Amino acid sequence: MSQPPLSAIDLHTHSTASDGTLSPSALVAHAHAAGVRTLALTDHDCTDGIAEAQHRAAALGMRLVPGTEISVRWERRTLHVLALNPDIDDPTLRAGLDQQAASRDARARAIGHRLDKLGIAGAYEGARSLAAESMITRAHFARHLVAAGHCPDMNSAFKRWLGNGKRANVSADWAPLEDVLDWIGAAGGIAVLAHPTTYGLTGARMRRLLDAFSQTGGAAMEVVCGNAHPSVVETLAGYARRFGLAASVGSDFHTPDNPWVQPGRLRALPSGLQPVWELDAFAPA
Ligand code: AMP
Ligand code: MN
Ligand code: MN
Ligand code: MN
């Protein structure tokens, strides 16, 4: 498959504040070197890397858009919603993210307990030490399982234990979609449904989701996600037009080790869409 062209805008990336492998400032430098000039840092359920990233971005003359990728519950499923350009000091958003952090920690302990019962001791401690003070995710468990020799790569850790429906997968107590849309709205941010084709939804359920999302404060959806195939981009563009949602673009970059997902390696947005960066709420504070 050919590499997508470079884009100067990338609105979905991770750092060591959650499960990325680059520090916030190293991520910014890496994205800048790749030609990105408007970058959103969207770590899972936290904004801890934003200040450091903004500092480095200012030094490089690029724009760092504050953000976070929030895990939400909708019809018993977990979905991801990006908050772009919120006031990260807003008390409602802060209280919500504190609640998510507590859910993440409780789930991580439960995952450790499951793995322990499966004969893999010390996984919580291992994952916690990789995450250090940062937001703990299943990716930290996967990295620990690889490092401890339990499986050859992260993908097999998800296939064997951590993926949905696998024995060490524990569903977390994520906040309901409507609550998260309220937090984002309170903080003046833009709510973007992340990577909509990754949830295994039927067409009917996808339409129900997009209807609910757009009726309760959702403003945009990702149309260009990572290295998604052009046909996926076209499908998502069709949904965005139909539901009146603005369109976002993001690599979902986590690590320089994955050559297929790099900052700014994104296809152009199809025509007839409202780019999320043209919304008023995207303007710098
Ligand atoms: P969590 O939000 O704690 O459920 O963790 C989900 C994270 O795990 C995602 O954001 C990805 O970064 C990572 N992940 C999910 N599936 C895989 C996979 N098959 N291989 C590597 N990383 C994955
Ligand atoms: Mn992740
Ligand atoms: Mn995600
Ligand atoms: Mn992500």
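Please treat every number below as a calculation from the coordinates, not as lab data. Small disclaimer: the values here were computed from a predicted structure and weren't measured. Note: ideal-geometry Cβ built from the backbone for every residue, glycine included; neighbour counts use all protein chains shown.
Data overview
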| read-out | value |
| --- | --- |
| Whole-Hz ³J(HN,Hα) from phi, Karplus 6.51 cos²θ - 1.76 cosθ + 1.60, for region 194-208, glycine and proline x | 7, 4, x, 7, 8, 9, x, 7, 5, x, 5, 6, 4, 5, 5 |
| Point-to-point label distance, Ser23-Asp89, nm (Cα→Cβ direction, 7 Å offset) | 2.4 nm |
| Which of Asp10, Asp19 has the fewest Cβ neighbours within 10 Å, and the rest in rising order | Asp19, Asp10 |
| Burial ranking of peptide ranges 47-55, 187-195 (average Cβ count within 10 Å, highest at the top) | 187-195, 47-55 |
| The chain - percent relative contact order, Cα under 8 Å, separation 6 or more | 22 percent |
| Taking region 48-155 and dividing mean pair separation by its residue count, relative contact order in percent (alpha carbons under 8 Å, at least six apart) | 13 percent |
| Relative contact order [Cα under 8 Å, 6+ residues apart], region 7-65, whole percent | 39 percent |
| Computed log₁₀ I(q)/I(0) - Debye formula, equal Cα scatterers, no solvent, the chain, q 0.13, 0.14, 0.16 Å⁻¹ | -0.87, -1.02, -1.34 |
| Solvent-free Debye scattering, log10 I(q)/I(0), computed from the Cα coordinates of region 18-176 at q = 0.11, 0.13, 0.17, 0.19 Å⁻¹ | -0.49, -0.67, -1.03, -1.18 |
| Cα-based helix-to-principal-axis angle, 230-243 vs the chain, degrees rounded to 10 | 70 degrees |
| Virtual paramagnetic centre 7 Å along Cα→Cβ of Thr255, amide N under 20 Å, in region 223-240 | 226-228 |
| Under DSSP loop assignment and at most 14 Cβ neighbours within 10 Å, longest trypsin sites (Lys or Arg not before Pro)-free interval of the chain | 168-285 |
| Globularity ratio of region 175-247, using Cα Rg and 2.2 N^0.38 Å | 1.07 |
| Ratio Rg/Rh [Cα only; Rh per Kirkwood] for region 93-189 | 1.05 |
